[in-house]
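Working notes, structure below.
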Amino acid sequence: MSKYDFVTLEAKWQKKWDDVDLYKTTEDSSKESMYCLDFFPYPSGAGLSVGHCRNYVPTDTYSRFFRMKGFNVLHPTGWDAFGLPAENYAIKMGVHPEETTRKNTENYKRQMRLIGTTYDWNREVNSSSPEYYKWTQWFFLLLFEKGLAYQDYGSQWWCDDCKTVLANEQVEDGKCWRCGHEARKKDLKQWFFKITEYADRLIDDLDDLDWPEPIKIMQRNWINRSHGAKAVFKAETGDDIEIFTTRPDTLFGATYMVLAPEHKLVPKLTTPGQKEEIETYIKESAKISEIDRLSTDKEKTGVFTGSYATNPVNGERIPIWIGDYVLASYGTGAIMCVPAHDTRDFAFAKKFDLPIVEVVSPDGNPHELSDAYTESGIMINSGEYDGKNSEEFKKIITDWLKANGKGDQDINYKMRDWLISRQRYWGAPIPIIHCEKCGTVPVPKKDLPVKLPHIENFEPAGDGKSPLARATEFVNVKCPKCGGDAKRETDTMDGFACSSWYFLRFASPHVHDKAFDSEKVKYWLPVDVYVGGAEHAVMHLIYARFWTKVIFDAGLIDFKEPFTKLLNQGMLLASDHQKMSKSKGNVVTPDSMVEKYGADALRGYILFMGPFEGEVIWDEKGCAGVHRFLGRLWEMVTGNEYDVGGLDEKTETELRRIQHKLILKVTSDLENFRFNTSVSAFMESYNNLFKYFENKEVTNSKVWREVIETYLILLAPICPYITEEMWESVGHTESIHKQMWPKGDSSLAKDDVVKIPVQVNGKLRDVLEIEAGLPEEKLKELALASESVQRHIADKQVLKVIIPKGKLVSIVVK
RNA sequence: GCCGAAGUGGCGGAAUUGGUAGACGCGGUGGAUUCAAAAUCCAUUGAGCUCAACACUCGUGAGGGUUCGAGUCCCUCCUUCGGUACCA
C-alpha cells in the first residue's frame, strides 16, 4: 500500500483526462441538456485567488454531478477580455493589451485546470478576438436597425482618471466603478442603447425567474418604476410647466414650484429683479460636485425666480423657485411642492418660509405639522373633495386633469438609457461610418468585423476623443452608401456589451457565418444555472437580459430570459476578515494550496467552509483538515483485499445503512447547492465506516467493496483526482467520472433502533433507545416507566402525554 | 434615511423547517508513538455547580409573547454586513 501522493496522482490524471478529452461536450438529443455557467472572468494580471475558486469549484462539482446523473452538461468558460480594467492594466505594465490578455488568459487557464475544473476548452471564447467581436458589432447593428442605438448630446458622467465616459450604472457613490476616481459631468455626444424602452419588461419578467430575491429587488429598485400623473401648471408668463408626481392626491396642497437650475424655462421666468441672484445660484450649483449635490443631508438651497404659476386644481397663485434638489434628468425637471406631505418640500418650505397646507389628514381633522405626513388618509382643504380617501382620490383627480386638458396619468423610471461609448482603445469598435453627405451610416454586415487596429500608442489622450481617432488609416474610409470620403466612428463599446450575449456563443463557439447556430442554441439555452458574484446585480445582469429580449424580438431565439436560475456565491474573505487584494498582501492562490494539500483538498475545503451563498473567511487549517481526511480515506480504501469472505447479515445491514444514508444525503445536498453539509456527510460516514476497519473479515468482503465504491462515486464530483485513483486501485479501468450516480433506498437507510427523547414540561429527561415502529401506547408506557422521568412526575399529576409523529414523548404535569 | 441579509461554543458552521441545540471540521487539553520534534493515532472538549460520577441549573444578540415544546413563529429593540442615495 502506497501513501496518498497527491502530487503524482493529480498530475497523472490531469494528463490522462486531457489525452482522452474527457470533458468534450457534444449535442446529443437523446439526453436532457443542462447548461451550467459561471460568469466568465476578466483575466486579471493577478491570476486566480482561492476566492475565485468559490465560484468555480461549486459549479464544477454541480456539473460533474449532473453528468453522472445522466444529463448532457454544457459547462464552458471564456474570457471577458475587452474593457477598461484590461486596458488600464496594460497601461500600468507598459505592455500592449493584446499581449497582457494573452498571458493572463494562459495563466487563468492553467490555474483552472490545476483545480480540476471540467470546462470544455474546445468551446473557449475570448471577447477581444475578432471572431467574437465581429458578432458583438453585428448585434450593435441589430440594435441600430431596430432604433435602439442612437447618438445624443448631453451631460454625461466622466472619469478623469480613466479618461472616458461612464454609464449611470458604472457610477457608484459618485465615483468610477473601476478606479474609484470621482466622476463628474461633462457635455459630450455619445452612443446609447435604448434600454428604457424595455424597462417594463425588465421589471415584469423578473417575477418568473428563479433568482435570489435580493437581486430581483435591486433590479426593480434600479429601474424604479413610479406610477403617477403629469400635470401642467400655467406660469404667468404664459408658459406651461409640466411636472410629474406620484401623489396627485396632494395637488391641492401644492403651494410653490421648484425647477432644476438647468430647466429650459428658468431664464424666461426670471424677473429682472431676481436675475442676478438666479444667475449666481446657477453658477454656484454647477460648481458643486454631483456627490455633494445629491447628498441627502445637505441643507436645501434655492432662489425665487420672481414669477408665479397657477395651481391647476384650485387656481391658487404659487411662486416658482429654482433649487438643486430638483434633478434635471428625472421626470420633467420641475416639481410641484407639497410641503405638508413631502419631507424634502417640507424642509425647503420651512427654510424659505413658504406656506404649508395640509390636504391629507390621518383622521380628517387639521393638524399643526412638525413634519411632513407622507401616508395616505382623508382629504381636507381640497374643496369639493374633502372627506374622500386619498388613495381613491388619486384616480379621481387624475381623471379630472385629463378631462380638463391639464394632465394625465404617467409613468416614470429612474433607469436611464445605457451609455455605451467609450473613448478608449481596448474595446470593440462601434461599426458606424460618419459621412458628410449621408450622415450616420452603419457598416454593412458583410464588412464585419471592423477590426481594432493594432496601434502602439493606445493610451487615452484625455481630450474626450478615443485613441482610435489618431489612427488615420483606420479613421479614413469611403462611405458605404455614396462612396465619398468619410470617417469611422472612433469610440469603442462598453465592455458590458461583449458580455451581454456570450452565453449564446458557447452553444456554437466556432460558427463563422452567424453569431450562433439556432439549433444548438435551442438545445442548450436558456442557461439553466448561472453562478457569479452579487456585484453584477444591476450591470451585467440587466444588460444581458435587455439584449436577450432584443434578440428575442428580432425572432432569433425563442426565450425572453437568458438565465433561468441564478445563484450568488458568498464572498470569501482573507483570514484578516478583509477582501483579498494584492495591495493588502493577503491573497492566497490556489497554486500554493494545491502544492501543499492537493487540488482535491482545496476543492473539498472550498465547499466545506460554509453555506454556498454565505460569506466565509479563509483559514488554511481548514484546508489542512480536509487534506487529513483524504489521507485517512486513502488508508481505508487502498489497504484491503476485497471480495475474499462473506459477511454476517447484521453487519451487512449496518453497512448498507451507512451506504444508503450517504447516497440520499449527498444527492439532495448537491441538488440544492448545499455542498458544506455534503462534505460533513462524507466525514461522518467515514467515521462510521472506520469502526469496522480493524475487522479484516469486514474489509475483505464484497459488501465492503460495494460500500466503498459507492462512497467513491459520490465523492467524485467534489474530489475528482483521489477518487479516480482509488477507483482504479480497486480494479476499474473506466473513469469514475463516467459512472452512473447511485440510487438511494430509504428503506435500507432506516435505523432499526431509534432514539426517542422524553420531555417533562418541555424539559428533556430521558432518551429511550427502542426498536423502531413501536405503537404510541407502548411508547407512552415506556416513557412513563423511565426512572429519570419518574423522578420528575412522581408527586405530580400527569395532565397529558403528547407523541407527535411517534418521534418524541412530551409529558405535561402539574 | 430607505431596501435587503444575518446574529448559535475559543473559531468556521450543523439542526429533518416547531421536536434531543452544538453534527462535521478547526483550535485546545490529556495520552500513545519518538532520543526529540513534526506527522500520525486514541481520549476529551458549551458554561456553571470550588475534584470526580450521577443528578441538576443555565445557554442560540436583548426583552416580551404564542405553544406541551421556540435557534426556528409573532411583537419591540440592539448590533454587524451588503445595496441605494433628495427619483418628486
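Bear in mind that the values in this text are calculations on the coordinates, not laboratory data. These numbers were taken from a predicted model, which means no experiment stands behind them. Glycine gets a Cβ as well: all are built from the backbone with ideal geometry, and neighbour counts include every protein chain shown.
Full extension of the chain between A:ASN365 and A:HIS512 yields a length gain of 45.6 nm, computed as 0.36 nm times the residue separation minus the alpha carbon distance.
At R0 = 60 Å, how high is the FRET efficiency between A:VAL730 and A:ASP553 if r is their beta carbon distance? Nearest 0.05 is fine. Plugging the Cβ-Cβ distance into 1/(1 + (r/R0)^6) gives 0.60. Relative to the first principal axis of the alpha-carbon coordinates of chain A, what is the inclination of helix A:84-93, with its axis defined by its Cα atoms, in degrees from 0 to 90 and to the nearest 10? On a 0 to 90 degree scale, this one is about 80. In loop segments of the stretch A:340-432 as defined by DSSP, the GluC sites (Glu not before Pro) with at most 16 further C-beta atoms inside 10 Å of their C-beta are A:GLU368, A:GLU375. Here the label points at A:THR472 and A:GLU535, each 7 Å from Cα along the C-beta direction, are separated by 4.2 nm in the simple model. Here the spin labels are modelled as points 7 Å beyond Cα on the Cα-Cβ line, and at A:VAL7 and A:PHE352 they lie 7.6 nm apart. Normalise the Debye intensity by I(0) for chain A, one equal point scatterer per Cα, no solvent, then take log10 at q = 0.07, 0.10 Å⁻¹ and round to two decimals. Per q value, in the given order, log10 I(q)/I(0) is -0.74, -1.12. Taking other C-beta atoms within 10 angstrom as a stand-in for reagent exposure, A:LEU768, A:LEU259 fall in the order A:LEU768, A:LEU259, fewest first. In this simple spin-label approximation, A:LYS264 and A:PHE690 carry label points 7 Å from Cα along the Cα→Cβ vector, and these lie 7.8 nm apart. When you restrict to C-alpha pairs under 8 Å that are six or more residues apart and normalise by the size of the stretch A:209-325, the relative contact order lands at 30 percent. Pairs to check: A:LYS146/A:LYS445; A:LYS146/A:LYS514; A:LYS175/A:LYS351; A:LYS275/A:LYS351; A:LYS92/A:LYS163; A:LYS650/A:LYS805. Give those whose C-alpha atoms are more than 26 Å from each other in this structure. Over 26 Å Cα-Cα: A:LYS175/A:LYS351; A:LYS650/A:LYS805.
Compared with the dominant Cα axis of chain A, that is its longest principal axis, helix A:130-145 is turned about 40°. At full extension, A:LYS451 and A:THR638 could sit 61.6 nm farther apart than now, given 0.36 nm per residue minus the alpha carbon distance. With 0.36 nm allotted per residue and the present C-alpha distance subtracted, the A:GLU697-A:SER788 stretch has 28.7 nm of extension available. Across chain A, Cα pairs under 8 Å and at least six residues apart give a relative contact order of 14 percent.
For the stretch A:549-656, the list of GluC sites (Glu not before Pro) that fall in a loop by DSSP and count at most 16 other C-beta atoms within 10 angstrom reads A:GLU613, A:GLU615, A:GLU641. Where both bridge residues fall in chain A, DSSP classifies roughly 75% of the beta bridges as antiparallel. In chain A, the longest principal axis of the Cα atoms and the axis of helix A:390-403 are about 50 degrees apart. As a calculated quantity, the FRET efficiency between A:LYS778 and A:LYS31 at R0 = 45 Å, using C-beta atoms, amounts to about 0.30. Residue order for A:CYS719, A:CYS479, fewest other beta carbons within 10 angstrom first, comes to A:CYS479, A:CYS719. In chain A, the DSSP-assigned H stretches of four residues or longer account for a calculated mean residue ellipticity at 222 nm of -11000 deg cm²/dmol, using -39500 (n - 2.57) per stretch and the full residue count as denominator. Applying 1/(1 + (r/R0)^6) with R0 = 22 Å to the Cβ-Cβ distance of A:GLU145 and A:CYS438 gives a FRET efficiency near 0.85.
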